[in-house]
Every structure is written in structure tokens, then in C-alpha cells.
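K.L.:
Okay, here's the structure, questions in a sec.
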Amino acid sequence: VPNGQLAEEKPELADKYGRKSIAEQNSIDTAWEVLLSPRFTKLRHCLFESKQEKHRFRQLLVNCVMATDIFDQDLRALRKSRWNKAFSDDGSLSSGEEEGHYKATIVIEHIMQASDVAHTMQGWEIYRQWNESLFREMHEAYTEGRSAKDPSDGWYEGELWFFDNWVIPLAQNLKECGVLDIVSDQLVNQARSNRQRWQFEGKIICEEMCSDVKSNTRMLDRSTSSCSHSLAATEDSSTSASYLASQMVTEAESLSKVMARYERKYETVLGNLIALAYKGQPCPMDLEQHGLSDVHKHFKQQEWYRSHADNDEVLLGL
């Protein structure tokens, strides 16, 4: 939930942090308290040895975590002015050492921000997965009364705005500073590609997500209603049992449709992997006889795969 909602649910935290970046500031305090506990003494010795280094580390930690609050307009304006100061040629920084520290801090903040929205700069399927997860999380907060806005309203337009006003400019800043070399080009290109594809497919995707969450809500309501009815209808147990059974059948049918949809998605992805793994071979594999583990073993035997994957199990998610 956003900081505004946290301020209503936990007014003591809101007062403590001056109603600014509540979640971020609380995370910093919690993490710092854990780091200073006795069990992390050896880790602290590795991170900093002097009070000056400790202060510098704390400063970097605060800057990095606070950088993830992208909806506070004052903080965004401050970060923008600091970026302009760090990468301008007006000589506003007094020394080369000061300039180096200043630029390093700004770049680390931007890398942290990019990590916070990394799914928008990765492959389309990864972007889709995390976009849908966020939609479901926000819709759940809405149905529980923890958010005043239904995410179904304006989700498509909101993603386009987010790409144009945050994701792509952020990727371009990382490219401008030059610390990520060729990776920065990939981030910019992938963000633009996802933005373009969302523009053409986003409305249909939004309709599917809305339909799914509403279907799940109806299933939950029916299940709750069934349980309440079965407990209350003691006068006619046979009628109550029949009603409950019919509701359970309806719920099972709905769940089976959801499972079938994801099974089709799995078969599609597996088929694409098989086509890539066994490209050019005369006898295609039978989907019923070979699974993901077989394809993975075949990939591991290929030189091109080993040369491009530091960790092949991470690449395939196994």
C-alpha cells in the first residue's frame, strides 16, 4: 500500500517520520537496528572500520532506500537537481574528489531506482509477470478497503505514463552517466520495446486481468456465502448440503478453467524452448514424452549455451 494509506493505518509511524516516505524511513531504521545487533559484528568490521566510514555507509544506505520513493514530488525534484549538478560542466563542485563522491552517490541512487522497477527494462514475459502481480496486489488492497482507488481504472494509461515519465528517462540517465557500458543501451531499448508492445497489447491484457480478479472475487464470495449458509441452515440439512455441493462444483469448475489456461501457457513456453533447443533436427520431440528437465539437460550440452550463461540453472529458472 502507498505511504498515504500507511499514514492512516499507522498514525504513530506517520508522526514519527513527519508523514514523509514512511515505508522507506521505517525500512532504514529497521535494517540499521538489525545491522547494529551483536550477531553482525563481523559484518560491520568488513563494511566500515572507522566512524567516518560508518557515517558514509549510513549516508549511502539512506540515500539508496529513500531513492525508491518515486512518488514524493519534493524528493523527485531534489534528485533531478542533484543529477543536473553532478553531470553539468558549470564547475559548481569545488574539487575533483568531491565531484567523484557526488557522482558516485547519484549513480548508486539511480541504479537502486532501476532495480526497483527492473521488470520494466527486462524481457516482455518478465514485465508481464511482475505487472500482473502488482495489479493483483493493488486490487487486493482495494477490495480489503486499504486503497481508495480501483487499479482497474486507468491501469493501461498509467503504465504508458510510467514508461514515458519515469522508466525510459531513468534508463537514459544511466546511459548518459556511462557506468553500465553496453548494458545501459539494452535497458533503454528493452524499456522502449516493452512500452511499444504495451501500447498495442495493454488494453486486452488489462481486460484479462480485470476479468481474472473479478472471477476470483466472486468465487471467494460464493465460498464464504456457502460456508455461512451451511452453518445457518440447520432446519433442512439435505437442502443445505445440496446447496453447498452445488457451490463447490461451481468453484471447482472455475478453478479447472484457470488451471487449463496456465497449462496451455506452459505448453506454449515449453514448445518454444524445444524449438530452440532442437532447431534443425529432423525429428521433433514429443511434448508428452519430454519435459522441461530434458530440454534443460540438452541446453547444458550446447557450447553456445555454456558460453552465455554463468549459471545455467538461473537462466532457465531451475
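K.L.:
Please enumerate the residues belonging to the stretch 177-222 that are farther than 20 Å from E157 by Cβ, small (G, A, S) and either modelled with pLDDT of 95 or more or open to solvent by 40 Å² or more (accessible area, probe 1.4 Å) (or both).
P.N.:
G178
K.L.:
Go through (1) open to solvent by less than 60 Å² (accessible area, probe 1.4 Å); (2) at pLDDT below 85; (3) of a type outside the set (D, E, K, R) for H101 and report which single condition fails.
P.N.:
Here H101 clears every test but (1).
K.L.:
A further question follows. Filter the stretch 1-47 down to the residues that are open to solvent by less than 40 Å² (accessible area, probe 1.4 Å) and among the acidic types (D, E) and list them by number.
P.N.:
Within the stretch 1-47, E24 is the sole residue that qualifies.
K.L.:
Write out, first by first residue and then by second, each pair whose Cβ atoms fall under 8 Å of each other, whose residues are 6+ apart or on separate chains, and whose first residue, in the stretch 132-154, is farther than 16 Å from C206 by Cα and basic (K, R) while the second is open to solvent by 60 Å² or more (accessible area, probe 1.4 Å) and part of a loop (DSSP other than H, G, I, E, B).
P.N.:
R146/V1
K.L.:
Can you give me the number of residues within the stretch 132-147 that are open to solvent by 60 Å² or more (accessible area, probe 1.4 Å) and in a helix (DSSP H, G or I)?
P.N.:
So the answer is 7.
K.L.:
How about the stretch 1-22: which of its residues are of a type in the set (G, A, S) and touching a residue at least 24 places away in the same chain (Cβ under 8 Å)?
P.N.:
S21
K.L.:
Continuing with the same structure: Please state which of the following conditions D69 fails to meet, knowing it meets all the rest: (1) out of contact with any helix residue (DSSP H, G or I) (no Cβ under 9 Å at 6 or more places or on another chain); (2) outside any helix (DSSP H, G or I); (3) of a type in the set (D, E).
P.N.:
(1)
K.L.:
Next up: Return a yes/no flag: does the stretch 80-92 have any residue that is open to solvent by 70 Å² or more (accessible area, probe 1.4 Å), within 30 Å of the chain's Cα centre (by Cα) and over 21 Å from E157 (Cα atoms).
P.N.:
Yes - at least one qualifying residue is present in the stretch 80-92.
K.L.:
Inspect the stretch 110-124 for any residue being among the charged types (D, E, K, R) and not in a helix (DSSP H, G or I) and give the result as yes or no.
P.N.:
no
The values are calculated or read from the model by the stated rules, or taken from the named source; none is laboratory data. Bear in mind the structure is a predicted one, so any value in this text is a computation, not a measurement. So basically every Cβ, Gly included, is an ideal-geometry build from the backbone, and we count neighbours across all protein chains shown. Only protein heavy atoms, including side chains, enter the accessible area calculation; ligands, DNA and RNA are left aside. Shrake-Rupley method; radii C 1.70, N 1.55, O 1.52, S 1.80 Å.
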